[in-house]
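Read the structure below first, then the notes.
Every number in this text was worked out from the coordinates using simple rules, so none of it is lab data. The shown structure was predicted, so the numbers you read here are calculated from the model rather than taken from an experiment. Cβ sites come from the backbone with ideal geometry, for glycine too, and all protein chains shown count toward neighbours.
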Amino acid sequence: MSERYTGDVTTDGPPDVRELTGLTISKISVGPMDNNAYLLRCAASGDQVLIDAANEAPRLLELVGDAGLSTVVTTHRHMDHWVALEEVIATTGARSLVHVADAEGLPIASEPLADGDRVRVGERWLDVIHIVGHTPGSIALLYQDDADGSHLFTGDSLFPGGVGNTEQDPVRFNSLIDDVEKKLFDRLPDETWFYPGHGRDSTLGVERPSIPEWRARGW
């Protein structure tokens, strides 16, 4: 595992690259809303998958390079996470995947995902975890490997410091924090590194002690 990776990126800066045994993760920030996009490349096959074609299609396509792109996964239907989707799909011919509950919010027809599905990245896999609250069809994507540990792409459902925005709706907030605690924190070890839809990364172990505080404040 690369020791130099920090996950700190800026909208006008280069990607930060993490070299795992089975997977390379390239994180880039695109404007104007400081969205993170993640390009995953299978070390064995070179197959590439993009998580959230958020914006700035030329920069995302430059990141993809000549190796091609097999799939784009959209973590949820909010527009800032798919502005570049049409152009990236049209240029690369990649498949577009999104949870079935958020499919109507996307600008192109996309193949539906459901909780428990798996997304192939060459010889590796991402497990789809449905997290209800930020949107009805928000998902997290989990990569696990004995050599690499657990790596979780959380979209806007989990950030350092709390769960995603639920617009002060207590029903949505309770759904979101319940799913985050049950499906992520209760399932995965403290060493799990997570990569959110905006801003810096963190680990579940760093954030776990704050869950009671998040519940008490209601956001």
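On C-alpha positions alone, give me the angle between the axis of helix 170-179 and the longest principal axis of the chain, in degrees, nearest 10.
So the helix axis and the longest Cα principal axis differ by about 70 degrees.
Hey, rough spin-label estimate for Thr6 and Val206, points 7 angstrom out along Cα→Cβ, what's it come to in nanometres?
The modelled label-to-label distance comes out at 1.2 nm.
Counting Lys and Arg as +1 and Asp and Glu as -1, each charge on the Cβ, what is the dipole of segment 124-219 about the Cα centre in debye, to the nearest 20?
Here segment 124-219 has a charge dipole of around 240 debye.
Looking at the chain as a GNM with Cα springs under 10 Å, which of Ile89, Ile129, Ile108 has the largest mean-square fluctuation?
Maximum fluctuation in the GNM of the chain, among the listed residues, is at Ile108.
Any idea what Rg and Dmax come out to for segment 8-83 if you just take the C-alpha atoms, in Å?
Both quantities, over Cα of segment 8-83: 11.8, 34 Å.
For the chain, modelled as a Gaussian network with Cα springs under 10 Å, which listed residue fluctuates most, Asp179, Asp127, Asp146?
Most flexible of the set in this elastic network: Asp146.
If exposed GluC sites (Glu not before Pro) are those in a DSSP loop with at most 14 other Cβ within 10 Å, what is the longest stretch of the chain that has none?
4-122
Charges at C-beta only: +1 for Lys and Arg, -1 for Asp and Glu. How large is the resulting dipole of segment 16-157 about its Cα centre, in Debye rounded to 20?
That gives a dipole near 100 debye.
PRE reach from Glu123 (point 7 Å along Cα→Cβ): which of segment 20-44 fall under 18 Å by backbone N?
Those under the cut-off are 20-25, 40-44.
Highest GNM mean-square fluctuation, the chain, Cα pairs closer than 10 Å: which of Thr71, Thr135, Thr21?
Thr21
Specify which residue in the list Leu61, Asn174, Ser29 is farthest towards the positive end of the charge dipole of the chain, using unit charges on the beta carbon of Lys, Arg (+1) and Asp, Glu (-1), about the Cα centre.
Asn174
Sticking with the crude label model, points 7 Å out along Cα→Cβ, report the distance from Trp219 to Val17 in nm, one decimal please.
Label at Trp219, label at Val17, 3.9 nm between them.
Tell me, how many Å apart are the Cα centres for segment 57-100 and for segment 155-192?
25 Å
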